[in-house]
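These notes are about the structure you will find just below.
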Amino acid sequence: MSFKEKTVIVTGATSGMGKDIAQALHEKGAQVVAGGRDQIRGAELQNQGIVFVPGDIKIPQANQALVEKAMTTYGRLDALVIAAGQLGIGRLHELSLEDWEDTLATNLSAVFYLLKYAIPHLKEGGQVVIIGSVAALHAFPDHPAYTASKAALPGLVKQIALDYGPAIRINLVSPAQVLTPLLQDSVKAFENPETILEETAASLPMKRLGLPRDITNMVLYLLGEEASWITGSNFVVDGGFLST
Ligand SMILES: NC(=O)c1ccc[n+]([C@@H]2O[C@H](COP(=O)([O-])OP(=O)(O)OC[C@H]3O[C@@H](n4cnc5c(N)ncnc54)[C@H](OP(=O)(O)O)[C@@H]3O)[C@@H](O)[C@H]2O)c1
């Protein structure tokens, strides 16, 4: 699969899944414009030939800046992969207003901001993949802001599929436990943080945690021509987690 001369914005590209997706797209010839806040990890992407635009996506203008960079650098925009996300852990009555608002802003409002600014520039045949979570379908201890923000995404994706098809295809990929810094942070919410990941891996039908590449493979498929009749859908990639 080649993405030669296609321009793709990837958010959350400084870590975990977004980073793997950005690097895989770059290796396959895409012109990648990558977002994130961490300037050091952003510089590593720049060294690999990936354009990095630092910014906090909770701020609408940071999303606008990603679109402007794609248009000024490459003169076209073909696809978006929205992978940035945050946890905002805490039992609901103890959760600060700021943590609630930040989590909703990062996982939901920022999706709206990027779509709002990017859609007018997306080429006919443009594609969007958003990284959701099985948390939209299954609760985890003390993740109320996270589950609420992720649960909004299947609806939003269906709405955009209806309003912008056939020009734009949009799909959601919903992972379960994938080995990234975010997963390492989420264990704090469990009673047994030292052992929960090992126990989870053993309990899964596929007997291992996910790796970023497991998610990248689904994203690349959805961005490709083979997926040309797929839109508005939610693809769970979970090693069988929802079957347990
Ligand atoms: N790991 C899992 O088990 C799992 C499971 C289901 C769904 N997910 C979802 O998968 C996506 C990727 O997560 P991951 O596990 O790969 O996490 P990760 O390694 O912690 O990466 C999160 C990325 O999001 C970026 N980000 C967070 N807040 C941001 C903000 N306000 N502005 C700009 N960038 C921001 C971070 O960039 P900076 O640090 O540079 O700001 C980083 O690049 C997220 O949407 C997450 O909810 C993860």
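Could you grab me the full set of residues in the stretch 152-173 that are in a helix (DSSP H, G or I) and crowded, with 16+ Cβ neighbours inside 10 Å?
LEU153, PRO154, LEU156, VAL157, LYS158, ILE160, ALA161, TYR164
Counting just the residues of the stretch 81-100 that are within 18 Å of ARG37 (Cα to Cα) and more than 14 Å from the chain's Cα centre (by Cα), which one comes out farthest from the ligand (Cβ to nearest atom)?
Selected residue: ASP99.
Of all residues in the stretch 124-139, which are in a loop (DSSP other than H, G, I, E, B) and near the ligand (Cβ under 7 Å from one of its atoms)?
Those that are in a loop (DSSP other than H, G, I, E, B) and near the ligand (Cβ under 7 Å from one of its atoms): GLY132, SER133.
Condition check ((1) crowded, with 16+ Cβ neighbours inside 10 Å; (2) in contact (Cβ under 8 Å) with a residue 40 or more places away in the chain) across all residues:
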position	(1), (2)
MET1	no, yes
THR7	yes, yes
ASP38	no, no
LEU45	yes, no
MET71	no, yes
GLY90	yes, yes
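Got at least one residue in the stretch 232-240 being at positive phi and either of a type in the set (Phe, Trp, Tyr) or within 11 Å of the ligand (Cβ to nearest atom) (or both)?
Scanning the stretch 232-240, I find at least one residue that is at positive phi and either of a type in the set (Phe, Trp, Tyr) or within 11 Å of the ligand (Cβ to nearest atom) (or both), so the answer is yes.
Cβ-Cβ under 6 Å, sequence separation 6+ or interchain: first residue in the stretch 135-147 and among the β-branched types (Val, Ile, Thr), partner buried (at least 18 other Cβ atoms within 10 Å of the Cβ). Which pairs?
Short answer, once both residue conditions are applied: THR147/ALA135.
How about the stretch 21-75: which of its residues are in a strand (DSSP E or B) and within 13 Å of the ligand (Cβ to nearest atom)?
ALA34, GLY35, GLY36, PHE52, VAL53, PRO54 - these are the residues of the stretch 21-75 that are in a strand (DSSP E or B) and within 13 Å of the ligand (Cβ to nearest atom).
Scan the stretch 227-240 and give yes if some residue there is under 21 Å from ILE21 (Cβ atoms), at pLDDT 95 or above, not in a loop (DSSP other than H, G, I, E, B) and not aliphatic (A, V, I, L, M), otherwise no.
Yes, there is a match, as at least one residue in the stretch 227-240 is under 21 Å from ILE21 (Cβ atoms), at pLDDT 95 or above, not in a loop (DSSP other than H, G, I, E, B) and not aliphatic (A, V, I, L, M).
If ASP78 meets every condition in (1) of a type in the set (D, E, K, R); (2) away from the ligand (no atom under 11 Å from the Cβ); (3) under 18 Å from the mean Cα position of the chain (by Cα); (4) surrounded by fewer than 20 Cβ atoms within 10 Å (Cβ to Cβ) apart from one, which number is that one?
With respect to (1) of a type in the set (D, E, K, R); (2) away from the ligand (no atom under 11 Å from the Cβ); (3) under 18 Å from the mean Cα position of the chain (by Cα); (4) surrounded by fewer than 20 Cβ atoms within 10 Å (Cβ to Cβ), ASP78 is out only on (4).
Tell me yes or no: at least one residue of the stretch 218-231 is farther than 20 Å from GLY132 by Cβ, aromatic (Phe, Trp, Tyr), without any contact (Cβ under 8 Å) to a residue 60 or more places away in the chain and surrounded by 12 or more Cβ atoms within 10 Å (Cβ to Cβ).
Within the stretch 218-231, none of the residues are farther than 20 Å from GLY132 by Cβ, aromatic (Phe, Trp, Tyr), without any contact (Cβ under 8 Å) to a residue 60 or more places away in the chain and surrounded by 12 or more Cβ atoms within 10 Å (Cβ to Cβ).
Among the residues of the stretch 119-130, are any among the polar types (S, T, N, Q), modelled with pLDDT of 95 or more and crowded, with 17+ Cβ neighbours inside 10 Å?
yes
Does the stretch 4-20 hold any residues that are near the ligand (Cβ under 7 Å from one of its atoms) and assigned to a helix (DSSP H, G or I), and which are they?
Of everything in the stretch 4-20, those that are near the ligand (Cβ under 7 Å from one of its atoms) and assigned to a helix (DSSP H, G or I) turn out to be GLY16, MET17, GLY18, LYS19.
Quick one: in the stretch 174-212, which of the residues that are among the polar types (S, T, N, Q) and within 25 Å of ASN107 (Cα to Cα) is surrounded by the fewest Cβ atoms within 10 Å (Cβ to Cβ)?
The residue in question is GLN184.
Starting from the stretch 14-27, keep only residues that are within 18 Å of ILE40 (Cβ to Cβ), then list their pairs with residues that are of a type in the set (D, E, K, R) and buried (at least 21 other Cβ atoms within 10 Å of the Cβ) whose Cβ atoms are within a distance under 7 Å, requiring at least 6 positions of separation or different chains.
Filtered contacts from the stretch 14-27: no entries.
The values are calculated or read from the model by the stated rules, or taken from the named source; none is laboratory data. Bear in mind the structure is a predicted one, so any value in this text is a computation, not a measurement. Cβ: placed from backbone, ideal geometry, glycine included. Neighbour counts: every protein chain shown.
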